[in-house]
Every structure is written in C-alpha cells, then in structure tokens.
Amino acid sequence: MVQLPDALRQYWSSKAQQATFLGVHTNTRSELSLGTSRIRRLVDHLDKEDISFDHIHGDYNTTSTSLTPYYEDVLSFLSFDTRKESKPGEEVGNFLRQSISSGGFLVLLVLDLENVFRPKLPEAIGKLTRLRYLGLRSTFLEVLPSSISKLQNVQILDMKHTSINTLPDSIWKLQQLRHLYLSESYRSELMLRHGTNFPTFLQTLCGLFVDEETLVRDGLDRLLSIRKLGLTMSSKQEAMSLQLQAVVDWVLKLNQLRSLRLKSIDENNQPWDLELKPLVSLVNLSYIYLLGRLMNPSIMSQFPYSLIDLTLSGSGLVEDPMQSLDKLPNLRSLKLLAKSYLGKNMLCSLGGFPQLRVLNLWKLEQLEEWNVEKGALQALRHLEIRFCRSCDKLCEKVLVYFFVLGFDFHFNVFAIGADSNSHEGSSQLQQFIGLIWNWVSIPSAHYSVLPVDAKFLSCKP
C-alpha cells in the first residue's frame, strides 16, 4: 500500500472533487449530479430500485435519443453483474451500444466490467475517445472489437483472466497506454511486426506469453520504460534457447525495472531452463519471481541490494541459497517453493537476513537439517514450513532454535505442516509445540494450535 502525505492527499482530493471525479458515497447506487438528473458515476449492482436497472437489464424501449439525458455526462461505469451465463454479457453490450449511439458515455473516463461474463463489446466503443481505464479482468472475453485501436487516451488496459489468446498489432496504436495486463493462464500472445511504433509511456507489461515466433529482438526489446514485467516462456526446447537469451538481454536494458516475473516451462507446463545474467545493475528492482531451472546458480549472489521480495520455484539449486541471499540488506520476503532447493542442509548465519519478515519453505522434499544461528532472522514475523518430507524432525529443530536459544517471540504467523501421511507424527508434533511453549513460559492465551489442510498446524500469537 502506498500512502501519500496528508497535505498532498488533501490537495489531490480537492482537485479530483472539483472535477467531480471523486465523491463521498453513502450508498452504492448510481450518483446524480447536484441540481440535475444526469448520472456522473454509474454503478450496476442488479438493484431493481436503481435508476439505470431497466435501461441495462429491463425491457426498456429506447429510441435514438431516449438515453441521452441520462448518460451523456457519465464519467465512470462499473458493473458488478457476476452471473455466470450469457445474459450479463448480452445485456451490458446492448446497453453500451444503445447509449453510445444516442450520444451517451462520450466523456467516459473509466469503464470497468470485471467479472461480467463475456460482455459483447460493440464496435461503437471506439467513440469513447476520452476513456482512460478499460477493465476487462475475469470476463473470459474471447475477442476485442477492432475499434479498440481508436481509444487513443486509454492508459490502463486490464485483460487478465480473459480468453483472448492473440492481440492484434493495432493494440500498439494506443499511444497513451501505460499499463497492459494480459492473461498469463490463457497464453496471451501479441502480433508484432518489424518497425512497430510502440507506446513510449508503457510501464507495465504483465501476462505476456513468449514462444519462438514472438518478436523480442528488435521488437519488444525497444520497450525501455518498463517498470513491471511478467513473461511466460514456452516452446520447443531447441527453438526457445535464442528467445530466452533475447529476453535476458532485454531485461538488462530496463533501468527503471521494479518488478520482474519470469516463468520458463516446457510443453508439459513443467519448469524448464532459465538462464539469467547478473541483475545487480538493476538498482530499482525490488520484486523478483522466477519459475524455472536456474542454469546459472551464481545468480543467487548477484541480485541487486534493492531487492525486497524474492520467490523461487523449480530452480533446482543444489547449493544452500541462504548463504548468498542472507547478505541482501533490504530483503523482507523470501519464498522457496517446490524444487527450488534440492539440498539436505540449510544454514542461516549470525547477522543474516537483517530485514526478513516473511519466510516460506514449501515442498523442499530433500531438506533434513536447518541450522539457525543466534542473531539471524531477528526481524522474522511470518514463518511457514509446508509439505516437507522430513517436516516432523525439521519442525522440532526449528522450535528449539526460535524459542530455546533466546529468539524474541514476535511472530504474527508461525505455521508448520506435518507429514500428511502420519497422523501419529502430527499428534506428536502438536504435543511438542505445547511443551516448548510451556518451557519458555508463554501464556497459552497468546497462541492457538489449529488444524489446517488436514495435517497442518498453525500457531498464531
């Protein structure tokens, strides 16, 4: 969460209210402008008492000008129609078509149809030339109208969780576009040509699927203002090697990059090779998510000091990553997920991880021994160990380290997953936790032991 100083917040709030874009709402119905019958903020909650319900969902008979008095001054339209059938998409599509054709919505700034099932966007949407935000998240929309390229002032286009697998080259005609969210799970691809004129202000590109035909070199790598990048790369192994290299070279050019999410998978959606170069030069990079076998393990010691949040999955590391990562002075969250580390031993050294608050160890099936020296992990508040084969033995050692060796008890979450195949092991672990808590004289009212996900113990102070 980003918080503005009070003075700055009040200044911008007053500016927004002068533009009638923000307001204090006492209900969730569509808001009328003072002294007029015209709607400024349109919200569809399927509320039959709302002034717009019959226009959107009813049998309201419209003429070419009948909707004009209501919607010609609307600044934002949000729909919360989450019914899972074809009717919501048809109704909102007809409503938009009729309203736009009668002169409505022409000053619209925000159109948010999140969770409306497959809205039938009319070609007339191209007339909304003042639109800044178009939200189509979780609509499972299959195709965009060709007139989308006429929305020259759109800055945010959110198509996450849609069924659009190919975006036309004309999408790059949106020269004011700053944030583009695509559907990672549906493998959204972009049609690119040599010489494409990219939006110079694009800062976010998330959910893009890259295969051997994606134009990366002399294409995507000309987008140099990216601050948040999320790519999934998959193809035949031989053809993908050069693409991976092109992506890595592109990433190293992004001097303003703050968030990086890279997934490398094979044809069976399993982690595949991910060969990175040192990222230490990206001094603004604070968030990294990597899924794939790291072919250059030395990358662990070559992350920038600005890094705050790191997630590794399927990395296949054989050397203890803690010995390199514990030197990152600003790291606050570390998640080592399935097959990220294949070793048996892990060590957190004296003075290591000075700012780390969240640590997740999930599905590290080979891990047997975790040694934590006194003076390490002093800022830790959230610890989760789940689905480790040697979990029972590991858990006992962890409890000893954190409570017997003098660690301050300031956890918000302390969660340990026992062996899911051993009811006896789970019971013994629960008894051991209680014993340790009594040993260090922590009142029972300060924690609880709750079963979660069958054989899962969660201890919260």
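The values are calculated or read from the model by the stated rules, or taken from the named source; none is laboratory data. Quick caveat: nothing in here was measured; it's all calculated off a predicted structure. Glycine also receives a Cβ, built like all others from the backbone with ideal geometry; neighbour counts cover every protein chain displayed. Note: accessible area is taken over every heavy atom of the protein model, side chains too, but ligands, DNA and RNA are not part of it. Shrake-Rupley method; radii C 1.70, N 1.55, O 1.52, S 1.80 Å.
Overview of values
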{"quantity": "Residue within segment 145-152 that is in a loop (DSSP other than H, G, I, E, B) and within 26 Å of Lys84 (Cα to Cα) present", "calculated": "yes"}
{"quantity": "Qualifying residue in segment 351-374 (condition: of a type in the set (Val, Ile, Thr), at pLDDT 90 or above and in contact with a Phe, Trp or Tyr (Cβ under 9 Å, 6 or more places away or on another chain))", "calculated": "no"}
{"quantity": "Pairs where the first residue, in segment 376-388, is under 10 Å from Leu359 (Cβ atoms) and the second is open to solvent by less than 20 Å² (accessible area, probe 1.4 Å) and of a type in the set (Val, Ile, Thr), C-beta under 6 Å, 6+ apart", "calculated": "Ile385/Ile416"}
{"quantity": "Elements of type helices (runs of 4 or more DSSP H) in segment 43-144, at least 2 residues being farther than 16 Å from Met159 by Cα, touching a Gly at 6+ places or on another chain (Cβ under 8 Å) and among the aromatic types (Phe, Trp, Tyr)", "calculated": "68-71"}
{"quantity": "Hits in segment 340-368 - residues which are within 14 Å of Arg389 (Cβ to Cβ) and surrounded by fewer than 15 Cβ atoms within 10 Å (Cβ to Cβ)", "calculated": "Leu342, Lys344, Glu365, Gln366"}
{"quantity": "Restricting segment 369-391 to residues that are basic (Lys, Arg) and closer than 17 Å to Tyr341 by Cβ, the residue that is surrounded by the most Cβ atoms within 10 Å (Cβ to Cβ)", "calculated": "Arg386"}
{"quantity": "Yes/no for Gln176 being more than 23 Å from the chain's Cα centre (by Cα), more than 22 Å from Arg40 (Cβ to Cβ) and part of a loop (DSSP other than H, G, I, E, B)", "calculated": "no"}
{"quantity": "Cβ pairs under 8 Å, 6+ apart, first in segment 185-199 and more than 14 Å from Leu223 (Cβ to Cβ) and assigned to a strand (DSSP E or B), second at pLDDT 75 or above and among the aromatic types (Phe, Trp, Tyr)", "calculated": "Ser188/Phe209; Glu189/Phe209"}
{"quantity": "Filtered residues of segment 219-231 (kept if farther than 20 Å from Leu151 by Cβ and open to solvent by less than 10 Å² (accessible area, probe 1.4 Å))", "calculated": "Gly219, Leu220, Ile226, Leu229, Gly230, Leu231"}
{"quantity": "Residue among Asn269, Asn284, Asn296 that alone is under 19 Å from the mean Cα position of the chain (by Cα), farther than 15 Å from Asp221 by Cα and surrounded by fewer than 16 Cβ atoms within 10 Å (Cβ to Cβ)", "calculated": "Asn284"}
{"quantity": "Near pairs, Cβ below 8 angstrom, 6+ apart or cross-chain, from segment 44-65 (of a type in the set (Val, Ile, Thr)) to any residue that is open to solvent by 30 Å² or more (accessible area, probe 1.4 Å) and modelled with pLDDT of 85 or more", "calculated": "Thr62/Gln98"}
{"quantity": "Segment 332-355 residues that are of a type in the set (S, T, N, Q), paired with ones that are surrounded by fewer than 15 Cβ atoms within 10 Å (Cβ to Cβ) (beta carbon under 7 Å, 6 or more apart)", "calculated": "Asn345/Glu369; Ser349/Glu373; Gln355/Pro329; Gln355/Asn330; Gln355/Ala379"}
{"quantity": "Residue pairs meeting the criteria (Cβ under 7 Å; at least 6 apart or on separate chains; first part of a strand (DSSP E or B), in segment 237-266; second β-branched (Val, Ile, Thr) and open to solvent by less than 20 Å² (accessible area, probe 1.4 Å))", "calculated": "Leu260/Val251; Leu260/Ile288; Lys263/Thr232; Ile265/Thr232"}
{"quantity": "Counted residues, segment 162-218 - those being open to solvent by less than 20 Å² (accessible area, probe 1.4 Å), modelled with pLDDT of 90 or more and farther than 20 Å from Lys263 by Cα", "calculated": "3"}
